[in-house]
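Report on one structure; see the data block that follows.
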Amino acid sequence: MLNVIGRGRIYGYDIVRQLRDVDALVVSEGTIYPILSRLKRDGLVRTSLEESPSGPARKYYEVTRRGEQLRDDMNTHWDLLTRGIAAIREKAK
Amino acid sequence: MTITFTDDARAHFDRYLHRLRSALSSQLSVDVSDVERDIISHIDAELAGEPQPISAQRLTAVLDRLGPPDRWLPVDDVPAGSQAIGALRFAGEWRLPAVILTLFVLGIFTFMRMILWPVPLLLPLVSVLMARAWLTSLAQQGGEIGARRWFVYPPLVTIYALLASVVIAWPLPMVVGMLTDEPTMRAKLVGWFNGRTEFAISLLALGAVGAWWLILGPLLYRFHRAVGWTFSPLADWFGRRHVIWVTFAGALLVTGSAALLFRMSL
């Protein structure tokens with residue numbers, strides 16, 4: 001989720017749309033919003049409301065410094081893990 | 001929302017939002033109103049470009065992709081009480097509501113007879129906790145309460161009303177008692193308010209209640225979700241705008257009673 005939000009600001013619905021396009025990720029779209037709420041509570045993202053000309057005010061999400069730190073740590077961990085798994089699979093061939 | 005629904009779709013969406021609130025209201029880690037706003041915004045974004053009004057069938061397709069709200073949280077996050085109640089559901093749809101009402105009635109009966117102390121206090125409390133857990137579980141399953149409300153709501157309404165009146169009006173009996181029972185204070189009041197002591201005591205008590213509401217206002221503003229949680233599911237609607245009304249009413253009571261007391265003392 002922190003990777004989807006990236007380095008800029010992103011509309012909550014667009015987060016869902018981006019995750020929808022990830023084939024292997026099977027998740028109810030509604031699950032995303034409570035997770036975003038928790039990330040906000042934990043100070044990993046912040047939100048801002050912006051008026052929309054075509055509907056209710058839009059909530060934009062942005063990663064905080066703390067969120068960036070956690071995202072970088074988790075990405076590093078993920079890279080290590082996938083490299084390790086790839087190495088194991090390579091050996092098994 | 002900029003989109004419009006057919007009546008069926010509107011009713012369906014309202015039920016879905018109710019399910020959402022019920023499923024997430026016990027989660028302190030999630031801001032329910034925040035998530036609700038996100039879902040409304042999501043629906044708006046999904047359906048804004050489509051022919052209006054939106055039918056129930058079209059709405060259902062979007063809601064199906066969002067999934068049932070009670071599945072949005074990991075099972076470990078669902079309160080233990082709800083899980084236990086879920087396990088007991090096989091016992092029948094009416095059995096638990098009947099137990100809830102029976103415990104409550106027994107509580108009242110033992111209280112009126114003043115027997116088996118402290119059972120008269122414990123029974124209504126257990127009844128309320130069971131009612132809350134049962135309602136949460138029912139909402140998570142998307143079930144309709146129907147006539148079972150007459151079994152489950154009486155304990156909730158009674159205990160919540162008692163609790164609310166204590167929180168709202170506790171200064172009233174305290175001030176009246178203090179001013180009525182204290183002879184020196186009473187003598188002073190007679191002098192200050194030209195003999196209209198009873199009326200002055202009433203005004204002082206109302207002023208004290210108003211002052212309490214002024215203190216309560218900022219507290220509730222900060223912890224407004226605690227009200228919804230404490231009086232769940234009857235006060236899910238409570239928000240910060242209601243707190244503003246409480247504070248405003250407090251200010252009105254304080255200034256009104258102070259003005260009248262000042263006028264009486266002249």
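Selection of segment B:13-45 for residues being of a type outside the set (Gly, Ala, Ser) and touching a Ser or Thr at 6+ places or on another chain (Cβ under 7 Å) yields B:Val30, B:Asp31, B:Val32, B:Asp34, B:Val35, B:Asp44. Checked against (1) closer than 18 Å to B:Glu144 by Cα; (2) within 9 Å of another protein chain (Cβ to nearest Cβ); (3) at pLDDT below 85, B:Asp70 passes all but a single condition, namely (2).
A quick yes/no check of all residues on (1) touching a residue at least 60 places away in the same chain (Cβ under 8 Å); (2) among the β-branched types (Val, Ile, Thr); (3) surrounded by fewer than 19 Cβ atoms within 10 Å (Cβ to Cβ):
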{"site": "B:Met112", "(1), (2), (3)": "no, no, yes"}
{"site": "B:Leu122", "(1), (2), (3)": "no, no, yes"}
{"site": "B:Leu125", "(1), (2), (3)": "no, no, yes"}
{"site": "B:Arg149", "(1), (2), (3)": "no, no, yes"}
{"site": "B:Val152", "(1), (2), (3)": "no, yes, no"}
{"site": "B:Tyr160", "(1), (2), (3)": "yes, no, yes"}
{"site": "B:Leu172", "(1), (2), (3)": "no, no, yes"}
{"site": "B:Trp192", "(1), (2), (3)": "yes, no, yes"}
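If the condition is being among the basic types (Lys, Arg) and within 18 Å of the chain's Cα centre (by Cα), then segment B:134-187 contributes only B:Arg149. Counted as qualifying within segment B:190-266 are the helices (runs of 4 or more DSSP H) with 2 or more residues that are among the polar types (S, T, N, Q), namely B:197-222, B:240-265. Within segment B:181-223, work out how many residues are over 16 Å from B:Met264 (Cβ atoms) and either modelled with pLDDT of 85 or more or among the small types (Gly, Ala, Ser) (or both). Final tally of qualifying residues: 17. Taking segment B:129-161, which residues are at pLDDT 85 or above, more than 16 Å from B:Ser232 (Cβ to Cβ) and either in the same structural domain as B:His242 (by TED's automatic domain parsing) or hydrophobic (A, V, I, L, M, F, W, C) (or both)? Residues satisfying the conditions are B:Trp150, B:Phe151.
Residues in segment B:33-57 that are part of a helix (DSSP H, G or I) and not charged (D, E, K, R): B:Ser33, B:Val35, B:Ile39, B:Ile40, B:Ser41, B:His42, B:Ile43, B:Ala45, B:Leu47, B:Ala56, B:Gln57. Number of residues in segment A:14-63 that are without any contact (Cβ under 8 Å) to a residue 24 or more places away in the chain and facing chain B (nearest Cβ under 7 Å) equals 13.
Given the residues B:Ser41, B:Ser22, B:Ser33, which is the only one that is touching a Pro at 6+ places or on another chain (Cβ under 8 Å), more than 9 Å from every other protein chain (Cβ to nearest Cβ) and either closer than 21 Å to A:Arg20 by Cβ or crowded, with 16+ Cβ neighbours inside 10 Å (or both)? Going through B:Ser41, B:Ser22, B:Ser33 in turn, the sole match is B:Ser22. Of the residues making up segment B:58-72, those that are in contact (Cβ under 8 Å) with a residue 24 or more places away in the chain and assigned to a helix (DSSP H, G or I) are B:Arg58, B:Leu59, B:Thr60, B:Leu63, B:Leu66, B:Pro69, B:Asp70.
The values are calculated or read from the model by the stated rules, or taken from the named source; none is laboratory data. Predicted model, so just to flag it, every value in this text is computed and none were measured. Don't worry about glycine lacking a Cβ; one is built from the backbone with ideal geometry, like all the others, and counts go over all protein chains shown.
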